[in-house]
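Q: I have a structure I would like to understand better, so I am pasting it below and will then ask my questions one at a time.
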Protein chains: 2
Amino acid sequence: MKDLHDLAQRSRLSFYQISVSAVDTRNAALLRLAELLEQEKAAVFSANQKDLENAKNEQLAPPLLHRLAFGEEKLAQVVCGLQALAAMEDPLGQTLMATEITQGLNLYKVTSPIGVIGVIFESRPDALIQISSLCIKSGNSVLLKGGREALGTNQILTELVRRALSESSLPADSAQLLETREDVAEMLKEDTLIDLIIPRGSNSFVRYIMDHSRIPVLGHSDGICHVYIDRDADPETALRVAVDSKVQNVSVCNAMETLLIHDEIAPLILPRLYSLLTSKKVTIRGDASVCRIIPCEPASEEDWSTEYLDYILSVRIVPSLHEAIDHINRFGSHHTDCIVTTNEQNASVFMKQVDSAGVYWNVSTRFADGFVYGLGAEVGIATGKLHARGPMGLEGLTTYKYKLIGSGQTMEDMKKGLRVYTHRKLNENCPL
Amino acid sequence: MKDLHDLAQRSRLSFYQISVSAVDTRNAALLRLAELLEQEKAAVFSANQKDLENAKNEQLAPPLLHRLAFGEEKLAQVVCGLQALAAMEDPLGQTLMATEITQGLNLYKVTSPIGVIGVIFESRPDALIQISSLCIKSGNSVLLKGGREALGTNQILTELVRRALSESSLPADSAQLLETREDVAEMLKEDTLIDLIIPRGSNSFVRYIMDHSRIPVLGHSDGICHVYIDRDADPETALRVAVDSKVQNVSVCNAMETLLIHDEIAPLILPRLYSLLTSKKVTIRGDASVCRIIPCEPASEEDWSTEYLDYILSVRIVPSLHEAIDHINRFGSHHTDCIVTTNEQNASVFMKQVDSAGVYWNVSTRFADGFVYGLGAEVGIATGKLHARGPMGLEGLTTYKYKLIGSGQTMEDMKKGLRVYTHRKLNENCPL
């Protein structure tokens, strides 16, 4: 077990250095990391082979083995991602607002890094590079905890990240690896040194983290995504969107878990949907009305709040748009939900009232992703509503400061009326 | 004790209504509230008189009685605030970003309300109007818990807020009053219905709330604000800023609690500062070096992390800018800190490295306030770094949604390369 207090303290001191570094320096570290990954790839692949062998001996399921593998293809993707990130604009020092408060006193709202961020992620080693590179670009320090199965790969990748940092005159301790569950438990206690925890995992895992720490948590938890087929839906669009949302990749958080359909269009759509989905080996669990139209298993109340991540779909017939919205707000996970309709008014109501990070009109829920949205990459998809919502990229890793620049102004002069508030918007960037 | 679950549920249902209301409707409710306050002022004043009499009988301290009083002057301020708020731009439905993802598929990042917000505030009844009006304007539902002493005044004010809502076709349950500590304890359990808690109070109170709820908390806690007088400070500016920061109003969170001064300029500044501050009845607690220059009480380690809210100032001599920054980041509360210097480079380093919501150059810390910043009003000053930081106005009461508008696009087509990502920035607002 590591001395987490010492490690967090070094992380915090490193934050004060990386937070004020020039963007060219941070970009140089990203490009150096890309070079080091190419240069040291034999060692990385060999460490990954050992992790894979251990995982096979422990009889890990094939999808998990697939996620754990880090070969030429993943390496090329990761290197490409680093180059793209280095080319992106500096997320720090951006002036969001500038106001003259009174003569000679200017207020600037300026983006700045958050501080020390702990990220707990699953067994994909490429996630380690994505997360640490986003943190470097945004001037934060990061504490990384990956899946147990990937430990050997993660150790060598972390070493490369740290080399890239120190060879670019940045503190290596801006990126540190945690290795055990005990490390995580210790990390959760360091609320004076760590500013944010990002846990990626199940709902219950995110809740566990929240219940065991005073550190703010941005959770990436369940995705119970819905497609609602409105009375006024175009049938072809409805079928395309529903099939893609369900089967394009069943094991991801933005796949559809529940289909809602208006009762007047259900007899037209459901039989065709049934044959399309069963040909893809999807099992349907329907409410009583659905079971009268197509052969299916009866859905229980529990189905409406279940994330299957599998070839299973729950289906419910609703009497109105309003009931569809109620169902989603009640049973959904506020991730991504779609309406299929040709009625703009209904689309507008749905998109305003559904309380989710992504509200879609006539498009597959599978589009909920940081790369797809053009954010570069993501550290996670936030299902809460504060700070960052939905795919969380560089912007979600920044906060802001108010910088106030004066020449000895006092509140006493303001109260006496010797000076007046002008509150004039300025069209300029913060000079410091 | 109220049935908090039922109350929170009604608050949530009301949220779904107020969240989709037109800005004209929300503004009408604010203006109607201003009218009702004028119209029913005799009843409000009489309820406040009773609260004041009870408070006097319970021997409340004079500053608390002053905060509790709600008379003609406070009424005029509150009415003026409501009119100004009604005139402000709609914080909802603003398009923050628009991107074409692929042909015919447009993504919009659009501001939206947060949901149900619980606010726990001190004994000022005018705070009830400020908080509920900010929540109405931003389309949120609010659960209000004010100071025990102000209960009678808060009850009648809440009734007026609810009348203004229902007379403007908005749900009265968007604003509800909690009356007891037991109500608060019950509210903290409703994490599936309530989206955010804003506790205003001491550090220990905010911690108590955080430790007893899974609901996200935006804390307004201690203000341990610093002024650092740099070696290159202009002496007159240093004295003006230091005196105003300390004595303009000692009992507020943006008053200075600790002065740091560079050792080379200390012999020049401290004697003059000593006579200015002692003439205002300020007691100085200094470190050993300070005590060699001016008469003062010796400061203990505890002084550096104490919010006095009183005519007391701790003073420390530091050998460098770097040590000043370290002291502030270690002992401060990340609220507001100022450097006095003529050296732009030092100002820049200070403003980048000091990890606080407000970083000031040559201006009194007393300027840290939502009205002063031009935000209209504030629900609190956030001392955390996530979501909102510093004075928190309308913008802090909003989040955003991603609205994606397509025509049947599927991820399968993207993966097959039948369509390509364009990621073209659009210069348009979301049509829905």
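The values are calculated or read from the model by the stated rules, or taken from the named source; none is laboratory data. Here the structure is a predicted model, which is why all the values come from computation and not from measurement. We place every Cβ from the backbone using ideal geometry, glycine too, and count neighbours over all the protein chains shown. The area values use the complete protein model at the heavy-atom level, side chains included, leaving out ligands, DNA and RNA. Shrake-Rupley method; radii C 1.70, N 1.55, O 1.52, S 1.80 Å.
Q: Specify which of the listed residues (A:THR422, A:THR383) is polar (S, T, N, Q), touching a residue at least 24 places away in the same chain (Cβ under 8 Å) and farther than 30 Å from B:VAL349 by Cβ. It would help to see each step written out before you state the result.
A: Details: A:THR422 fails: farther than 30 Å from B:VAL349 by Cβ.
From the options A:THR422, A:THR383, the qualifying one is A:THR383.
Q: Does region A:184-202 hold any residues that are in a strand (DSSP E or B) and more than 18 Å from A:SER11 (Cβ to Cβ), and which are they? Let's see the steps before the verdict.
A: Our first condition is that a residue be in a strand (DSSP E or B); within region A:184-202, this holds for A:196-200.
Matches in region A:184-202: A:ARG200 only.
Q: Ok, one more. Which of the residues belonging to region A:369-381 are of a type outside the set (Val, Ile, Thr) and either facing chain B (nearest Cβ under 8 Å) or open to solvent by 10 Å² or more (accessible area, probe 1.4 Å) (or both)? Please lay out each step first, then the result.
A: Going residue by residue through region A:369-381, those that are of a type outside the set (Val, Ile, Thr) are A:369-371, A:373-378, A:380.
The answer is A:ASP369, A:PHE371, A:TYR373, A:GLY374, A:LEU375, A:GLY376, A:ALA377, A:GLU378.
Q: If only one of B:VAL243, B:VAL282, B:VAL250 is assigned by TED's automatic domain parsing to the domain that holds B:MET351 and touching a residue at least 40 places away in the same chain (Cβ under 8 Å), which one is it?
A: On the way: B:VAL243 fails: touching a residue at least 40 places away in the same chain (Cβ under 8 Å); B:VAL282 fails: touching a residue at least 40 places away in the same chain (Cβ under 8 Å).
Being assigned by TED's automatic domain parsing to the domain that holds B:MET351 and touching a residue at least 40 places away in the same chain (Cβ under 8 Å) holds for just one of B:VAL243, B:VAL282, B:VAL250, which is B:VAL250.
Q: Next question, about the same structure. Which one of the conditions (1) of a type in the set (Lys, Arg); (2) in contact (Cβ under 8 Å) with a residue 60 or more places away in the chain; (3) buried (at least 18 other Cβ atoms within 10 Å of the Cβ) does A:ARG67 fail to meet, given that it meets all the rest?
A: Only one criterion in (1) of a type in the set (Lys, Arg); (2) in contact (Cβ under 8 Å) with a residue 60 or more places away in the chain; (3) buried (at least 18 other Cβ atoms within 10 Å of the Cβ) is unmet by A:ARG67, namely (2).
Q: Residues being among the charged types (D, E, K, R) and either part of a helix (DSSP H, G or I) or at positive phi (or both): count how many of those fall in region B:302-322.
A: The first filter runs over region B:302-322 and keeps only residues among the charged types (D, E, K, R), leaving B:302-303, B:307, B:310, B:316.
Keeping just the survivors that are either part of a helix (DSSP H, G or I) or at positive phi (or both) gives B:302-303.
Total meeting the criteria: 2.
Q: Go through (1) at pLDDT 95 or above; (2) out of contact with any strand residue (DSSP E or B) (no Cβ under 9 Å at 6 or more places or on another chain) for B:ILE229 and report which single condition fails.
A: Result: B:ILE229 fails condition (2) only.
Yes or no, residue by residue, for (1) outside any strand (DSSP E or B); (2) surrounded by fewer than 21 Cβ atoms within 10 Å (Cβ to Cβ):
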position	(1), (2)
A:ALA84	yes, yes
A:GLY93	yes, yes
A:LEU96	no, yes
A:GLU100	no, yes
A:LYS109	no, yes
A:ILE117	no, no
A:GLU122	yes, yes
A:LEU128	yes, no
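Q: Pull up region A:303-341, narrow it to residues that are open to solvent by 20 Å² or more (accessible area, probe 1.4 Å) and of a type in the set (A, V, I, L, M), then point me to the one that is farthest from the chain's Cα centre (by Cα).
A: Among those residues, the one meeting the criterion is A:ILE317.
Q: Here is a check on your reading of the model: is A:LEU426 open to solvent by less than 10 Å² (accessible area, probe 1.4 Å), more than 9 Å from every other protein chain (Cβ to nearest Cβ) and among the aliphatic types (A, V, I, L, M)? Talk me through it step by step, then tell me what you get.
A: Numbers: open to solvent by less than 10 Å² (accessible area, probe 1.4 Å): no; more than 9 Å from every other protein chain (Cβ to nearest Cβ): yes; among the aliphatic types (A, V, I, L, M): yes.
Considered against the rule, which asks whether it is open to solvent by less than 10 Å² (accessible area, probe 1.4 Å), more than 9 Å from every other protein chain (Cβ to nearest Cβ) and among the aliphatic types (A, V, I, L, M), A:LEU426 comes out as no.
Q: To continue, here is another question. Name the single residue that is most open to solvent (accessible area, probe 1.4 Å) among those in region A:21-48 being among the hydrophobic types (A, V, I, L, M, F, W, C) and without any contact (Cβ under 8 Å) to a residue 24 or more places away in the chain. Full working, then the answer.
A: Residues of region A:21-48 that are among the hydrophobic types (A, V, I, L, M, F, W, C), as a first pass: A:22-23, A:28-31, A:33-34, A:36-37, A:42-45, A:47.
From what is left, the residues that are without any contact (Cβ under 8 Å) to a residue 24 or more places away in the chain are A:22, A:42.
Values: A:ALA22: 56, A:ALA42: 75 Å².
Ranking the qualifying residues of region A:21-48, first place goes to A:ALA42.
Q: Another question, then. Does A:GLY417 satisfy the condition of being open to solvent by less than 10 Å² (accessible area, probe 1.4 Å) and either without any contact (Cβ under 8 Å) to a residue 60 or more places away in the chain or out of contact with any strand residue (DSSP E or B) (no Cβ under 9 Å at 6 or more places or on another chain) (or both)? Steps first, answer last, please.
A: Details: open to solvent by less than 10 Å² (accessible area, probe 1.4 Å): no; either without any contact (Cβ under 8 Å) to a residue 60 or more places away in the chain or out of contact with any strand residue (DSSP E or B) (no Cβ under 9 Å at 6 or more places or on another chain) (or both): yes.
No: the conditions fail for A:GLY417.
Q: Kindly provide the set of residues from region A:176-187 that are out of contact with any Lys or Arg (no Cβ under 7 Å at 6 or more places or on another chain) and surrounded by 21 or more Cβ atoms within 10 Å (Cβ to Cβ), ordered by number.
A: Residues satisfying the conditions are A:GLN176, A:LEU177, A:MET187.
Q: In addition: How many residues, within region B:219-250, are within 11 Å of chain A (Cβ to nearest Cβ), buried (at least 24 other Cβ atoms within 10 Å of the Cβ) and hydrophobic (A, V, I, L, M, F, W, C)?
A: 4
Q: Continuing with this model, one more query. Just to check your reading of the model, which residue among B:SER166, B:SER213 is free of Cβ contacts under 8 Å to residues at least 12 places away in the same chain, touching a helix residue (DSSP H, G or I) at 6+ places or on another chain (Cβ under 9 Å), surrounded by fewer than 22 Cβ atoms within 10 Å (Cβ to Cβ) and not hydrophobic (A, V, I, L, M, F, W, C)?
A: Values: B:SER213 fails: free of Cβ contacts under 8 Å to residues at least 12 places away in the same chain.
Every option except B:SER166 fails the conditions.
Q: Out of the residues in region A:342-367 that are in contact (Cβ under 8 Å) with a residue 60 or more places away in the chain and more than 7 Å from chain B (Cβ to nearest Cβ), which is most open to solvent (accessible area, probe 1.4 Å)?
A: Selected residue: A:THR342.
Q: For region A:382-423, enumerate the residues that are outside any loop (DSSP other than H, G, I, E, B) and more than 9 Å from chain B (Cβ to nearest Cβ). Even if it seems obvious, please write down each step before you answer.
A: Within region A:382-423, the first condition is being outside any loop (DSSP other than H, G, I, E, B), and the residues that meet it are A:382, A:390-392, A:395-409, A:411-416.
Within region A:382-423, A:ALA382, A:MET392, A:GLU395, A:GLY396, A:LEU397, A:THR398, A:LYS416 meet the criteria.
Q: Which one is nearest to B:VAL217 (Cα to Cα) among residues in region A:203-250 that are part of a helix (DSSP H, G or I) and of a type in the set (Asp, Glu)?
A: Here is the first cut: in region A:203-250, the residues part of a helix (DSSP H, G or I) are A:203-211, A:235-247.
Those still in the list that are of a type in the set (Asp, Glu) too: A:211, A:236, A:244.
Numbers: A:ASP211: 13, A:GLU236: 45, A:ASP244: 38 Å.
This residue is A:ASP211.
Q: Sticking with this structure for a sec: Could you run through region B:181-202 and say how many residues are of a type outside the set (D, E, K, R) and touching an Asp or Glu at 6+ places or on another chain (Cβ under 9 Å)? It would help to see each step written out before you state the result.
A: The initial filter retains those residues of region B:181-202 that are of a type outside the set (D, E, K, R), namely B:184-185, B:187-188, B:192-194, B:196-199, B:201-202.
Filter again for touching an Asp or Glu at 6+ places or on another chain (Cβ under 9 Å), leaving B:201-202.
Result for region B:181-202: 2.
Q: Just the residues that are among the acidic types (Asp, Glu) and part of a helix (DSSP H, G or I), please, taken from region B:323-353. Outline the logic, then answer.
A: Narrowing region B:323-353 to residues among the acidic types (Asp, Glu): B:323, B:326, B:337, B:344.
Answer for region B:323-353, where residues must be among the acidic types (Asp, Glu) and part of a helix (DSSP H, G or I): B:GLU323, B:ASP326, B:GLU344.
Q: Residues that are farther than 25 Å from B:MET414 by Cβ, outside the structural domain of A:CYS291 (by TED's automatic domain parsing), without any contact (Cβ under 8 Å) to a residue 60 or more places away in the chain and part of a loop (DSSP other than H, G, I, E, B): does region A:255-266 have at least one?
A: So far as region A:255-266 goes, no, none of its residues is farther than 25 Å from B:MET414 by Cβ, outside the structural domain of A:CYS291 (by TED's automatic domain parsing), without any contact (Cβ under 8 Å) to a residue 60 or more places away in the chain and part of a loop (DSSP other than H, G, I, E, B).
Q: While we're on this one: Kindly state which helices (runs of 4 or more DSSP H) lie completely within region A:1-68 and contain at least 1 residues that are under 30 Å from B:ILE325 (Cβ atoms), charged (D, E, K, R) and at pLDDT 95 or above. Full working, then the answer.
A: Details: elements: A:4-18, A:23-39, A:41-57, A:62-68.
In region A:1-68, the matching helices (runs of 4 or more DSSP H) lie at A:4-18, A:23-39.
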